[in-house]
Amino acid sequence: MKEKVYVLDTNIILQNLQNLYKISDNKTNHIVIPETVLLELEDKKKLSNELGYYSREFARLLAKMKIKEVDYKSDFKVVKLYNDELNLDIISKDKYETEIEQVHLSESNDKRIIEVASIAQEYYKGCQTIFLSLDVYARTFAIFKNIKAETLHDDKSTVPTFNFVKNINLDSSLFNSLENKDITLIDEDYEMQNFSYSFESSDGNIEYAIVTNGKIDTLKENDFKALNIKPVNIKQKLFAKAILSNMYDLLVIDAKAGSGKTLMSIVCSMRLIDLGIYDKIVYVRNSIESLDKGAEVGFLAGNEEKFRIYNMALYDTLEFIAKKHLKKSENRENQESINSKIDELKSRYFIETLWPGEARGRTLSGAIVIMDEWQNSSEKTTQLILSRLDESCMAIVIGSNRQIDNLYLNKYNNGLTTLLKQTNEAHSEIKMFAIELEKAVRGKFAQFTERIFENRKD
């Protein structure tokens, strides 16, 4: 079998530095870094977000590696580095065919990287040279140059099918004894991912329940009596009941836009704070602006500006809740009254926003931490945030694999999917709950667009 030489695009390193070690496979494969990749990484070192972190980590890796040799050729040079786990060559051309155009900088850089891949194909004759990139356009440029191109193997993996709500046909005589019953006595094929159940009988009886500590906990009329805003469909109710039960440490929700995931998370969290179980709500959102433009939010003056500009989903949710809290005698359309009520809610429930880049060095206590739009967060950011939580916290991770905007992630390798995969097994440290919310509840426009744009057969 030919030795493989992988020429890496910048996004492979920025997606996760651990990719280098996976690709190397204990030095079974050779890694080539084009000079242009170094320049792109250097440009991102000062960023305060995850991209800056990986850029700095790569720089530290290079600093610790030893130089084996520098091979000078007629129009390029190869700096050969090594350590115990990696053989890494950096290739630099004396003159590039591609002119750098600031207007099309990304495309220019891609083409320069492909030029190096072409050199690698000649330089490592006898080996199989593969250009590795997350960017389909860059891979296409490579194919134009007759270079084999691949994406990460993670991109080709499959997301398992989850059976979060399981349907069971049941004899009517058993319905009255379901509450607090061991689930394995009802479902001998019970698995960890069966967090909720729909029990149905042939004569029309139906009961819904979540499973807590292996016991059946049915939906009841008074479960949501204390909520100012109540869940409107079965899956919302199962989700809300799971939060209100306070029996889970980590709840992971894959939900389409408009399904009420953020609203239910906030409303139920407020209830738990009213009960004195938690002290505050911490809202974390990894905005795409931070990935593309360098986390400018970190330099905005004051949390209020961050709150309004980068956490509009939370602000909209609080505005909706505020209107529900205002009495009929008050003007629910008066923006001053609404803003006053929002400020009151933020103060009463100690609602704060947390930027992922601000999390390092912090420890969160007594908090319900809501991690929103988590399909746009990497495994590293997920680890960063969750590792900040102490024993007194609950985490609610919500997102949708239908709308990934992060150029460095896809539905196979983002933080949301990684956590969803963990719901297939029991964990000694934490108790997990998961559900999918696929029904839009925003009203006629959401229903219209879903029917027109998502459910077409043609």
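The values are calculated or read from the model by the stated rules, or taken from the named source; none is laboratory data. Computed from a predicted structure; not experimentally measured. Backbone-built Cβ (ideal geometry, glycine too); neighbour counts: all protein chains shown. Remember, those area values only see protein heavy atoms, side chains included, never the ligands or the DNA or RNA. Shrake-Rupley method; radii C 1.70, N 1.55, O 1.52, S 1.80 Å.
Close amide-amide hydrogen proximity is noted between Val397 and Leu251, Val252, Ile253, Met371, each under 5 Å apart and 5 or more residues distant or on a separate chain (H modeled in the peptide plane; Pro and chain starts excluded).
Averaged over its residues, the stretch 207-253 has an accessible area of 40 Å² per residue, based on protein heavy atoms and a 1.4 Å probe.
Only the Cβ atoms of Lys and Arg (+1) and of Asp and Glu (-1) were treated as charged; on that basis the dipole of the stretch 358-415 about its Cα centre amounts to roughly 140 debye. Relative to the longest principal axis of the Cα atoms of the chain, the long axis of helix 234-245 lies at roughly 90 degrees. Across the stretch 335-346, computed HN-Hα scalar couplings (Karplus, 6.51 cos²θ - 1.76 cosθ + 1.60, θ = phi - 60°) run 5, 5, 5, 5, 4, 5, 5, 4, 4, 5, 5, 4 Hz from first to last residue, x flagging Gly and Pro.
With bins 10 Å wide beginning at 0, the percent of Cα pairs of the stretch 81-232 falling in each bin runs 9, 23, 16, 8, 10, 18, 14, 3, 0. Using alpha carbons only, the radius of gyration of the chain set against its Kirkwood radius gives Rg/Rh = 1.04.
Averaged over residues, the count of other Cβ atoms within 10 Å places the peptides 255-262, 395-402 in the sequence 395-402, 255-262, highest first. Across the chain, the relative contact order, built from alpha-carbon pairs under 8 Å that are at least six residues apart, equals 16 percent. Fully extending the segment from Gln18 to Met312, taken as 0.36 nm per residue of separation minus the present Cα-Cα distance, adds 102.5 nm.
As an exercise, find the ratio Rg/Rh for the stretch 320-399 from alpha-carbon atoms, using the Kirkwood inverse-distance average for Rh. Ratio value, two decimals: 1.10. Label point of Asp274 set 7 angstrom out along Cα-Cβ; within the stretch 342-372, amide nitrogens under 15 Å from it belong to 345-346, 348-350.
Per residue, the convex hull spanned by the alpha carbons of the stretch 151-292 comes to 167 Å³. Shape analysis of the stretch 362-441 based on the Cα gyration tensor places the equivalent ellipsoid semi-axes at 21, 15, 13 Å, largest first.
Remark: the stretch 24-29, residue by residue, has Karplus-estimated 3J(HN,Hα) of 4, 6, 6, 6, 5, 10 Hz, where x stands for each Gly or Pro and the curve is 6.51 cos²θ - 1.76 cosθ + 1.60 at θ = phi - 60°. Under 5 Å between amide hydrogens, built in the peptide plane, is the criterion, and for Thr212 it picks out Asp217 among residues at least 5 positions away or on other chains.
Here the Karplus curve 6.51 cos²θ - 1.76 cosθ + 1.60, taken at θ = phi - 60°, turns the phi angles of the stretch 65-79 into couplings of 7, 9, 8, 7, 6, 10, 9, 8, 10, 5, 10, 7, 9, 10, 9 Hz, with x standing for Gly and Pro. Close amide H partners of Ile351, meaning residues 5 or more places away or on another chain with modelled amide H under 5 Å apart, are Ile281. Measuring nothing but alpha carbons in the stretch 53-96 and taking Rh as the Kirkwood radius, the Rg to Rh ratio lands at 1.05.
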